[in-house]
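Presented below is the structure to which this report refers.
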Amino acid sequence: MKIRLILFFIFVTVPSWAQVAFEYETAIPVRANGETLNRAFEGGLNATQFQTMDLNGDGELDLVLYHRMAQEITTYLSVNGSYEWAPEFAYSFPEDVVHWLILKDYDCDGKKDLFTSTSLGIKVYKNISEDKFPAWEEAEAFLTITSGSNIQVSPGDIPGIADINGDGALDILTYRFGSASTIVYYENTGACGDLSFERITRNWGNFEECNCNSFVFDEPCPVGNSAFDTTAIQHAGGKTILPFDADGDGDIDIITSDELCENLYFLRNEGTAQEAQMLDFALYPNENPIQFSFFPNAFLEDINFDGLQELIISTNVDQNLGDVVNLKNHIQVLDDLGTVTERNFQNARPFLQDEMIDVGEDAFPTFIDMDNDGDLDLFIGNRGLFNGQDFSATVTVFENIGNQFEPSFEKINDDFLSLSTLGFTSFKPQFIDLNGDGKPDLLLQAKVGLADTRLFYYEQIEDFNFDSPIDISVDLNEFDNPFFADVNDDGLPDLLIGRQLGSLSLYLNKGNLNWSDEQSNFGGLMNDFNRLNPALAVADFDKNGRSELLSIDGSGTLRWYNRPMMVDFNAINAQTDLIQINEEMLPSRWGRFHFLAVADIYGNGLPDLIAGNNKGGLIFLRNVSEPKKNGNDADEIRVIVAPNPSSGEITILPETTLQLTIYNVDGQQMQDNLSLTSSERKSISIRQFPNGIYIFRFSDGNRFTTRKVVLQR
């Protein structure tokens with residue numbers, strides 16, 4: 001034992017780390033279907049609303065996206081005729097933006113102000129920006145009319161905000177709250193800068209929506225055959241209004257949609273700016289009308305910098321009810337090929353989403369070296385995809401075709417193990433050596449029925465082939481998030497579960513697929529409705545020789561607990577300022593629903609963090625934690641040793657030219673003076689050694705580093 005302790009201090013140096021820090025990483029090359037994904041790790045798009053404003057004060061209109069399902073804002077800067085993801089600007093927006101976001105200049109100062117939903121109707125923030133970041137102050141907690149009543153808007157609706165009557169002040173169009181499907185017109189009674197409104201009419205344009213593809217004009221909707229039908233059709237679902245002058249005649253026309261319908265509808269104003277009159281409707285655009293499975297939504301913005309507005313289409317669902325919306329590639333943009341007097345939107349094409357890793361609805365990433373080449377490959381489960389007939393989950397595979405110093409990914413499989421044929425949903429995969437044979441097995445959480453979620457164990461037989469699944473009997477629901485980590489330091493991976501309502505559970509691994517009774521509220525983490533659906537990651541994030549817990553929940557905030565993940569773990573004093581942007585440490589401000597994976601992608605001993613999200617995309621955070629400098633600290637040698645554990649063949653990839661010496665745990669030299677060439681893989685055999693633990697010591701003449709290698713046949 002004395003010799004082993006001496007060896008530990010000779011070979012293993014544990015630096016002291018000051019701060020866990022991550023930076024957004026978007027430069028990793030990724031290819032799919034023969035195309036380069038230039039926005040691979042920008043997080044996906046789902047139910048996205050598109051707005052523009054000048055974010056950085058350079059006079060150019062930048063892009064602001066609100067993702068309704070995720071309840072998150074993302075931001076893009078206009079740079080040389082294209083958009084660059086700029087997540088730092090999202091921090092500048094109010095945290096209470098919900099349901100919808102409209103950016104319009106109500107006070108005519110040249111800066112767009114912010115309108116959003118509130119339980120009392122419409123909330124307004126004034127743009128008070130003076131430097132390179134947006135700044136806001138609350139202008140109105142909720143808008144009212146002169147009688148004192150608030151302007152009510154259903155949470156599922158998006159109102160139309162525009163100068164309706166041509167007097168220069170912003171007015172409001174919104175479907176009647178909780179009653180007939182007619183539009184209420186609220187006129188701004190002041191000048192530019194005022195937010196004083198009067199209700200002019202409850203039937204602007206003299207029309208009513210009766211059903212999908214059914215409108216009536218100058219009359220109420222007909223009474224149906226049911227005794228429960230009335231002439232006032234109840235406002236059963238959300239509705240949107242996009243006001244614009246489609247024909248250049250000085251009055252407002254609209255594009256509208258209904259939550260329960262598949263199409264966009266266009267209604268031309270045949271009246272005047274002061275007295276709107278609609279006489280007919282049409283599916284929109286006229287040529288090749290948009291058809292969505294559920295709740296289409298439209299926006300007009302100049303997003304290709306040609307001075308003309310393009311029509312951008314998304315869905316506006318807040319959840320995929322009925323699982324009928326395919327969210328993988330649903331964003332479209334159409335060019336205006338018409339004239340001032342007749343818009344003509346054509347040539348639908350994808351926008352932004354097609355350049356990202358986007359697996360549809362929810363992304364559940366994990367990493368494993370599937371081909372034993374020393375680098376980590378990426379696997380992504382999802383909630384499911386609708387193929388026109390059914391909705392089932394898949395696991396997508398991106399092979400790392402680079403190396404662990406310079407990763408590069410290429411999609412090679414859309415349906416790993418043909419798992420979609422099971423017909424299950426919500427696949428959350430992880431690869432863990434659960435039986436201790438040195439080969440990582442597949443652990444897969446899946447929803448198999450309406451209220452039936454299970455955790456399956458697929459044993460790896462050899463060469464990344466897997467045996468039939470075995471059901472691991474633990475209590476789970478679809479929104480619980482599992483993570484395997486050795487909590488009691490017995491060499492067996494234990495099971496941690498972030499519970500839907502915010503608590504943390506622990507099942508200790510007793511071997512042979514047996515588990516201890518559940519330890520609920522582990523670490524003191526109990527149910528908390530402000531922190532639902534916690535996702536977990538356990539790793540040595542600060543490289544101090546111990547593993548810590550990092551989590552994220554429905555608040556969208558990452559939390560790192562700087563204490564060992566052990567049986568006596570206590571979740572206190574969480575650090576949240578973990579993301580480094582422009583030398584400033586900031587908390588994450590992401591939306592709801594995330595799933596975490598950790599992997600040392602760059603081979604520097606620091607686990608990076610990958611977050612899958614509700615939008616079907618991934619955010620990559622590179623671990624850039626800095627050690628405390630002691631004056632003589634040298635840069636650490638980077639070298640990859642894989643697989644580990646090994647059955648006898650080892651592949652080594654050094655960053656620089658090195659010499660390798662191998663010792664057993666008693667300090668006996670087993671092999672010496674093996675030369676390794678910079679950035680070249682070298683295969684060596686240790687089959688001649690007995691099973692056990694070996695220390696690989698690498699040196700460049702001035703520095704050294706070690707790796708512990710397990711030989712297990």
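The values are calculated or read from the model by the stated rules, or taken from the named source; none is laboratory data. Treat the numbers as computed from the prediction; the structure is a model and nothing was measured. Don't worry about glycine lacking a Cβ; one is built from the backbone with ideal geometry, like all the others, and counts go over all protein chains shown. Remember, those area values only see protein heavy atoms, side chains included, never the ligands or the DNA or RNA. Shrake-Rupley method; radii C 1.70, N 1.55, O 1.52, S 1.80 Å.
Could you grab me the full set of residues in the stretch 672-684 that are exposed (fewer than 12 other Cβ atoms within 10 Å of the Cβ) and in contact (Cβ under 8 Å) with a residue 24 or more places away in the chain? Matches in the stretch 672-684: Ser678, Glu680, Ser683. When the stretch 490-500 is filtered for residues that are of a type outside the set (D, E, K, R) and either touching a Phe, Trp or Tyr at 6+ places or on another chain (Cβ under 7 Å) or not in a loop (DSSP other than H, G, I, E, B) (or both), the ones remaining, listed by number, are Pro493, Leu495, Leu496, Ile497, Gly498, Gln500.
When the strands (runs of 3 or more DSSP E) confined to the stretch 409-474 are screened for residues that are surrounded by fewer than 19 Cβ atoms within 10 Å (Cβ to Cβ), those reaching at least 2 such residues are found at 409-413, 441-449, 452-458, 460-462, 470-472. Val487 fulfils the conditions (1) open to solvent by 20 Å² or more (accessible area, probe 1.4 Å); (2) assigned to a loop (DSSP other than H, G, I, E, B) except for a single criterion, (1). For the stretch 685-713, residues that are assigned to a strand (DSSP E or B), touching a Leu at 6+ places or on another chain (Cβ under 8 Å) and surrounded by fewer than 18 Cβ atoms within 10 Å (Cβ to Cβ) total 3. Checking each residue in the stretch 523-564 for being aliphatic (A, V, I, L, M) and either surrounded by fewer than 18 Cβ atoms within 10 Å (Cβ to Cβ) or free of Cβ contacts under 8 Å to residues at least 12 places away in the same chain (or both) picks out only Met526. Is it true that some residue in the stretch 490-505 is of a type outside the set (Val, Ile, Thr), in contact with a helix residue (DSSP H, G or I) (Cβ under 8 Å, 6 or more places away or on another chain), without any contact (Cβ under 8 Å) to a residue 24 or more places away in the chain and open to solvent by less than 10 Å² (accessible area, probe 1.4 Å)? Yes - at least one qualifying residue is present in the stretch 490-505.
Among the residues making up the stretch 570-605, those that are over 21 Å from Ile28 (Cβ atoms) and either open to solvent by less than 10 Å² (accessible area, probe 1.4 Å) or of a type in the set (Lys, Arg) (or both) are Arg589, Gly591, Arg592. If you go through the stretch 147-189 and keep only what is open to solvent by less than 20 Å² (accessible area, probe 1.4 Å), in a loop (DSSP other than H, G, I, E, B) and either farther than 23 Å from Ser257 by Cα or touching a helix residue (DSSP H, G or I) at 6+ places or on another chain (Cβ under 8 Å) (or both), you end up with just Ala169. Within the stretch 326-355, the set of residues being part of a strand (DSSP E or B), among the polar types (S, T, N, Q) and more than 28 Å from the chain's Cα centre (by Cα) comprises Thr339, Gln346, Asn347. Taken across the stretch 128-143, residues that are touching a Leu at 6+ places or on another chain (Cβ under 6 Å), open to solvent by 50 Å² or more (accessible area, probe 1.4 Å), within 29 Å of Ser196 (Cα to Cα) and not basic (Lys, Arg) do occur, with at least one present.
Do we have Asn329 as out of contact with any Ser or Thr (no Cβ under 8 Å at 6 or more places or on another chain), on the phi > 0 side of the Ramachandran plot and at pLDDT below 90 here? For Asn329, the condition - out of contact with any Ser or Thr (no Cβ under 8 Å at 6 or more places or on another chain), on the phi > 0 side of the Ramachandran plot and at pLDDT below 90 - is not met. When residues in the stretch 246-263 are screened for being under 32 Å from the mean Cα position of the chain (by Cα), of a type in the set (D, E, K, R) and open to solvent by 20 Å² or more (accessible area, probe 1.4 Å), 2 of them pass.
Restricting to the stretch 272-297, name every residue that is touching a residue at least 60 places away in the same chain (Cβ under 8 Å), in contact with a strand residue (DSSP E or B) (Cβ under 9 Å, 6 or more places away or on another chain) and not hydroxyl-bearing (Ser, Thr, Tyr). Selection gives Ala276, Gln277, Met278, Leu279, Asp280, Phe281, Leu283, Pro285, Asn288, Asn297. Asp371 meets all of the listed conditions (1) in contact (Cβ under 8 Å) with a residue 60 or more places away in the chain; (2) open to solvent by less than 20 Å² (accessible area, probe 1.4 Å) but one, namely (2). Annotation: of all residues in the stretch 47-92 being under 15 Å from Met356 (Cβ atoms) and without any contact (Cβ under 8 Å) to a residue 12 or more places away in the chain, the one that is least open to solvent (accessible area, probe 1.4 Å) is Ser82.
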